[in-house]
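Everything on this sheet refers to the single structure shown next.
The values are calculated or read from the model by the stated rules, or taken from the named source; none is laboratory data. Fair warning: this is a prediction, and the values are worked out from it, not measured in the lab. Virtual Cβ from ideal backbone geometry, glycine too; neighbours counted across all protein chains shown.
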Amino acid sequence: MNDKQNDDFERALAVLTSQVDLSMVPPRSEPKVEPVNGIVQPAVMPPPHRKGRNTNLLLKLRTAVNVMLRDKSSVHFRHPVNAVKQGIYDYHEKIHRPMDLNTIKKRLEYSYYWWGADLLEDIRLIFDNCKTYNSPDSPVFRDAVTLCELFWLRMEKLQPELHSEIKVEPKPKRQLKAACRKPPVAKVPVQTVTKVEPKPDEPQRAASARPPPPVQLQAIPRPVRPVQANRPGPCRPSRAQNRSVPASHRGRGRPPIQRGVVTAKPARYFAKPEAVALLPNPPTVKNYGIPIKVEPIAAIPKRQGLGVDLTPLDHEIERRHSQSLLRFLRAKRDSWPFNDSQYWAKFGEDPDYDHDEERLDWGILETLVSGKQFEGFDWFLSKIHRMLENAMSCFVFNPSVRTSTQRIHATVDKVIPQYMERMVGAKERAHEGVRAKLETMTSSQKADLFK
């Protein structure tokens, strides 16, 4: 990246920062990620304290990133640098924040960015890293200059969005057509009977007078059964229709018989789309080079005067809720990629992915939660987060696996607050039960208990 291109980035960032109040922009903090097998994979899911959003500029820049990925000059910048495979062992000593185009694309998929300036900083970081490590005469540096020129050619078409960036809502999902309904049955008028009162000046009839004839009501005709909408093909003619045609006219030259008309297509089964975003992200866990942060559970006020360590009780409550969440996620239709992680080595698409680092699937998670390795609900969330990140790193192009992973990720983000609330309530009730039990015990029983 030459000086002119660097000035273009500075001007674009200045235009964006002049449109908003910087105090309203959530701070961006990305901790350093340690390399795993020579690769540093930055985080692609937004942290819980800085949720991303969609803007008109980010939607347009997504097209620019795809154009850059298809260009042949981006061959050195599509994936994270593998320092071990390429033999450049000092790369991560000089480059502290690696970045690549596929990471940017994943961040756009997961709504990682809050505004367009975040994406411009990541693209600029790619070219700055190339300028720092490579000499100006190297072919990698020349490809970086060519790729940067291609990027600014696309940016010339995005000047309206650059000068007026606004938040946009995601497109509503296409509404499904209602199921075919049967044609309405015509209503048949019903004859009503009204009672006629005698006039006051009219003399009453004698008791022996002949009673009036009874009023006969018309029978309501039974509605004709409509043609079944779900039955494919034309309706079969009735026997009465066949008999109405003389024998001489049957066969060839037979007059056409009016057949039933199907007015609706057969009903189809549509699955309701699952509401689907991110796990709570402080202790950092090494996840194929991806940092994971997990929000601690809301602290429960300590009960004074109990004198009992309730940590094992809280631990079992968290284990029970973790097992419940695991069964809920495993029953989902999109959980199939995580049934057996041994198939990842056979069908994985990233040759640099280390399958022996730590395999995680539903069966392995169930064993970990049931055993002594279980450390708490936060630890369980970090394992689920790592399993989802591993799937996105191993299957780079498979749309089925990536879509299922995104849906499971969105489902987890939706149900985590509910499980947190249930867990806090369960702990409070358990603590109250312990307090009530201690109040009914005598001093000698308490002394025996606390020995």
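State which residue is nearest to A391 (Cα to Cα) when the search covers only segment 54-79 and only residues that are in a helix (DSSP H, G or I) and over 28 Å from the mean Cα position of the chain (by Cα). Ranking the candidates gives S74 first. Name the residues in segment 397-431 that are in contact with a Phe, Trp or Tyr (Cβ under 9 Å, 6 or more places away or on another chain) and charged (D, E, K, R), would you? Within segment 397-431, R402 is the sole residue that qualifies. Could you tell me whether any residue of segment 338-345 is surrounded by 13 or more Cβ atoms within 10 Å (Cβ to Cβ) and at pLDDT 90 or above? Yes, some residue in segment 338-345 is surrounded by 13 or more Cβ atoms within 10 Å (Cβ to Cβ) and at pLDDT 90 or above.
No other residue among E358, E389 is touching a Lys or Arg at 6+ places or on another chain (Cβ under 8 Å) and closer than 21 Å to M45 by Cα apart from E358. Among the residues making up segment 327-356, a single one is over 25 Å from L381 (Cβ atoms) and aliphatic (A, V, I, L, M): A345. The requirement of being under 26 Å from F395 (Cβ atoms), modelled with pLDDT under 85 and surrounded by fewer than 18 Cβ atoms within 10 Å (Cβ to Cβ) is fulfilled somewhere in segment 14-30, by at least one residue. Checking each residue in segment 10-53 for being assigned to a helix (DSSP H, G or I) and either of a type outside the set (A, V, I, L, M, F, W, C) or touching a Cys at 6+ places or on another chain (Cβ under 9 Å) (or both) picks out E10, R11, T17, S23. Taking segment 26-42 as the range and being within 20 Å of S111 (Cβ to Cβ) and in contact with a helix residue (DSSP H, G or I) (Cβ under 8 Å, 6 or more places away or on another chain) as the test, the residues that pass are R28, Q41, P42.
Do we find a residue being farther than 30 Å from L388 by Cα and hydrophobic (A, V, I, L, M, F, W, C) anywhere in segment 80-91? Taking every residue of segment 80-91 in turn, none turns out to be farther than 30 Å from L388 by Cα and hydrophobic (A, V, I, L, M, F, W, C). The set of residues from segment 119-159 being surrounded by fewer than 21 Cβ atoms within 10 Å (Cβ to Cβ) and aromatic (F, W, Y) comprises Y133, F141, W152. Could you tell me whether any residue of segment 60-81 is buried (at least 17 other Cβ atoms within 10 Å of the Cβ) and in contact with a His (Cβ under 6 Å, 6 or more places away or on another chain)? Looking for residues that are buried (at least 17 other Cβ atoms within 10 Å of the Cβ) and in contact with a His (Cβ under 6 Å, 6 or more places away or on another chain), one finds none in segment 60-81, hence no. Among the residues of this structure, I166 counts as one that is more than 19 Å from M99 (Cβ to Cβ), surrounded by fewer than 11 Cβ atoms within 10 Å (Cβ to Cβ), at pLDDT 60 or above and among the aliphatic types (A, V, I, L, M).
Of all residues being assigned to a loop (DSSP other than H, G, I, E, B) and of a type outside the set (A, V, I, L, M, F, W, C) in segment 82-92, which is surrounded by the most Cβ atoms within 10 Å (Cβ to Cβ)? Just the residue, please.
Residues of segment 82-92 assigned to a loop (DSSP other than H, G, I, E, B): 82, 87-90.
Cutting the leftovers down to of a type outside the set (A, V, I, L, M, F, W, C) gives us 82, 87, 89-90.
Numbers: N82: 17, G87: 9, Y89: 10, D90: 9.
Per the stated criteria, the residue is N82.
Within segment 93-118, if we keep just the residues that are under 17 Å from D350 (Cβ atoms) and among the aliphatic types (A, V, I, L, M), the residue that is surrounded by the fewest Cβ atoms within 10 Å (Cβ to Cβ) turns out to be L101. Among the candidates E366, E349, the residue that is assigned by TED's automatic domain parsing to the domain that holds H409 and in a loop (DSSP other than H, G, I, E, B) is uniquely E349. Taken together, the residues in segment 375-418 that are over 14 Å from W344 (Cβ atoms) and crowded, with 19+ Cβ neighbours inside 10 Å amount to 12.
Matching residues to (1) outside the structural domain of L381 (by TED's automatic domain parsing); (2) under 26 Å from D356 (Cβ atoms); (3) among the hydrophobic types (A, V, I, L, M, F, W, C):
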residue: P46; (1), (2), (3): yes, no, no
residue: V84; (1), (2), (3): yes, yes, yes
residue: Y89; (1), (2), (3): yes, yes, no
residue: L108; (1), (2), (3): yes, no, yes
residue: N134; (1), (2), (3): yes, no, no
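Considering only residues in segment 98-135 that are part of a loop (DSSP other than H, G, I, E, B) and modelled with pLDDT under 90, the one that is nearest to the chain's Cα centre (by Cα) turns out to be Y110. Scanning segment 129-155 for residues that are out of contact with any helix residue (DSSP H, G or I) (no Cβ under 6 Å at 6 or more places or on another chain) and of a type in the set (S, T, Y) returns T132, S135, S138.
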